[in-house]
Amino acid sequence: MLQAFPNLSLKPNKSNRSKELTNMAAAKNGHTPTLIASFMHFDLSFMIWVMLGALGNYIAESLGLGSTEKGIMVAVPILTGSLLRIPLGLLSDRIGGKRVGTGLLIFLFIPLTLGWQFVNNLPALIAVGLMLGTAGASFAVALPLASKWYPAERQGLVMGIAAAGNSGTVIANLAAPRLASVIGWNDVLALAMIPLAVVLVAFLMMAKDRPGSAVKQPVRGYFTALKQKDLWWFCLIYGVTFGGYVGLSSFLPIFFRDEYGISKVNAGYLTALAAFVGSGIRPFGGFLADRLGGVRMLGVLLIVISALYMLIARIPPLEVTIPILLIAMACLGMGNGATFQAVPQRFRKEIGVATGVIGALGGVGGFFLPILLSTAKGATGSFATGFLLLSSVSCVVGVLLWVLMTKHHGWKTAWRTQTASSIPTTPVLAAAESSKAANS
């Protein structure tokens with residue numbers, strides 16, 4: 001009988017069994033080099049993403065930009081990086097995060113070179129800003145690359161560590177203004193290619209896709225996730241938390257300079273301090289969310305953020321504004337960590353597209369913030385109206401979240417106790433899992 005089936009063997013496949021055991025161990029223990037590489041990728045990319053904001057006061061002086069033009073200069077890279085998170089998140093799911101992440105780093109040499117050599121007017125600046133914004137899409141590549149190596153109960157801390165790469169804002173605001181005062185803002189873009197090359201080499205050597213994590217499926221299978229209402233709630237929340245963080249991190253140098261008249265270098269230092277607080281506390285926000293529930297934390301944080309924006313809208317003296325902004329950035333950072341404590345658990349099998357969509361619309365919130373504040377300044381001579389509108393938005397989203405938690409019990413715990421098998425998935429993914437089970 002066995003002769004009729006020459007390929008049939010009753011012996012266990014040791015190779016396949018060994019791979020299964022390796023994958024199980026990886027899921028339990030994670031992969032530290034990939035986590036470090038993901039952090040480095042996101043950190044460097046975030047530094048480049050907000051570079052025009054960090055250099056904003058020098059660029060505005062060099063090109064003679066008005067209030068609204070300053071806002072556009074800062075906002076354009078945020079928009080590009082945000083919108084590209086969707087296709088790159090999907091592509092990362094299909095062909096692997098390492099390939100996409102490597103290609104992204106290589107591309108960034110182009111806008112840095114163009115900005116170094118050719119930008120001397122506003123249209124050219126906007127064109128380079130659009131390309132530099134590509135760096136912001138690292139969010140949808142680096143975070144899922146690390147996330148896929150770790151179990152659900154460690155997602156808050158792991159995603160917090162990887163996403164703490166938004167500390168690249170600190171580096172940009174510490175170094176760029178000081179360097180620009182010595183060598184000029186164009187040459188700062190040239191110097192940025194040095195750490196870019198270092199991170200590219202490190203990423204190639206350290207990053208690794210988790211075996212079996214790249215699934216080549218029809219694109220329509222991923223976009224089924226867009227029909228789930230939970231995804232859009234996360235987008236709205238992240239638009240306030242991450243949008244607030246990245247928007248302020250890019251625009252604060254201009255705010256400090258225009259509202260309080262401090263030097264360009266000191267404006268960069270203050271922004272770096274605020275960005276450091278917001279990024280540094282993000283892992284702690286994820287850590288707390290693992291234990292307290294991310295959504296419950298967000299319900300409190302959004303109301304606190306609203307109150308802090310309202311205090312800033314009074315435009316108090318600088319020595320009062322600084323601690324208020326630091327607390328606000330801390331709340332925004334914890335809000336980012338709390339949001340992505342829940343996202344990988346709710347969308348475990350669609351993490352790439354979920355991260356891409358939520359990160360994209362969160363970044364769009366950051367796109368509107370500089371434009372809102374700069375328009376308010378141009379129209380009224382003060383940023384007060386802009387901060388009042390930000391306060392209103394945060395308050396409304398916070399109230400809506402509390403209503404959601406009251407009506408839907410699952411939102412109170414943010415799916416902390418759900419297993420991956422109980423999380424809704426797309427029909428294509430479900431069919432693939434069924435087929436895999438049938439063939440095993």
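The values are calculated or read from the model by the stated rules, or taken from the named source; none is laboratory data. Keep in mind it's a predicted model, so treat the numbers as computed, not measured. Cβ: placed from backbone, ideal geometry, glycine included. Neighbour counts: every protein chain shown.
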Residue pairs, Cβ under 7 Å, 6 or more apart or interchain, first in region 112-131 and more than 18 Å from residue 61 (Cα to Cα), second polar (S, T, N, Q) and at pLDDT below 95. List them. 130/80
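With the condition kept exactly as written, say whether any residue in region 216-229 is closer than 21 Å to residue 166 by Cα and either at pLDDT below 85 or surrounded by fewer than 22 Cβ atoms within 10 Å (Cβ to Cβ) (or both). Let's see the steps before the verdict.
Initially, region 216-229 is screened for residues closer than 21 Å to residue 166 by Cα, giving none.
No, region 216-229 contains no residue that is closer than 21 Å to residue 166 by Cα and either at pLDDT below 85 or surrounded by fewer than 22 Cβ atoms within 10 Å (Cβ to Cβ) (or both).
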Please specify each residue of region 279-319 satisfying the condition of being within 30 Å of residue 257 (Cα to Cα), of a type outside the set (S, T, N, Q), at pLDDT below 85 and surrounded by 21 or more Cβ atoms within 10 Å (Cβ to Cβ). 282
Among the residues of region 126-145, write down those that are under 15 Å from residue 246 (Cα atoms) and of a type in the set (Val, Ile, Thr). 134
Single residue of region 27-71 satisfying the filter (under 16 Å from residue 363 (Cβ atoms) and out of contact with any Gly (no Cβ under 6 Å at 6 or more places or on another chain)) that is surrounded by the most Cβ atoms within 10 Å (Cβ to Cβ): 50
Out of everything in region 373-406 that is within 25 Å of residue 77 (Cα to Cα) and within 21 Å of the chain's Cα centre (by Cα), what residue ends up being surrounded by the most Cβ atoms within 10 Å (Cβ to Cβ)? 390
Among (1) in contact (Cβ under 8 Å) with a residue 12 or more places away in the chain; (2) part of a helix (DSSP H, G or I); (3) among the β-branched types (Val, Ile, Thr); (4) within 24 Å of residue 383 (Cα to Cα), where does residue 262 come up short? (2)
Does region 73-83 contain any residue that is crowded, with 19+ Cβ neighbours inside 10 Å and closer than 23 Å to residue 212 by Cβ? no
Hits in region 248-268 (condition: hydroxyl-bearing (Ser, Thr, Tyr) and surrounded by fewer than 18 Cβ atoms within 10 Å (Cβ to Cβ)): 260, 263
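Return a yes/no flag: does region 103-113 have any residue that is crowded, with 19+ Cβ neighbours inside 10 Å and over 29 Å from residue 269 (Cβ atoms).
Initial filter on region 103-113 (crowded, with 19+ Cβ neighbours inside 10 Å): 104-105, 108, 111-112.
Add one more test, that the residue is over 29 Å from residue 269 (Cβ atoms), and what stays is 104.
Yes, that holds for at least one residue.
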Criterion: among the aromatic types (Phe, Trp, Tyr) and surrounded by 24 or more Cβ atoms within 10 Å (Cβ to Cβ) - qualifying residue of 347, 368: 347
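Tally time: how many residues in region 180-202 are under 16 Å from residue 44 (Cβ atoms), assigned to a helix (DSSP H, G or I) and not β-branched (Val, Ile, Thr)?
Adding up the residues that qualify gives 9.
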Specify which of the listed residues (339, 375, 355, 271) is in contact with a Phe, Trp or Tyr (Cβ under 8 Å, 6 or more places away or on another chain), touching a residue at least 12 places away in the same chain (Cβ under 8 Å) and over 23 Å from residue 145 (Cα atoms). 271
If you check 190, 146, which single one turns out to be closer than 23 Å to residue 250 by Cβ and either aliphatic (A, V, I, L, M) or surrounded by fewer than 18 Cβ atoms within 10 Å (Cβ to Cβ) (or both)? 190
Whichever residue in region 115-136 is of a type in the set (S, T, N, Q) and outside any loop (DSSP other than H, G, I, E, B) and, among such residues, is surrounded by the most Cβ atoms within 10 Å (Cβ to Cβ): 134
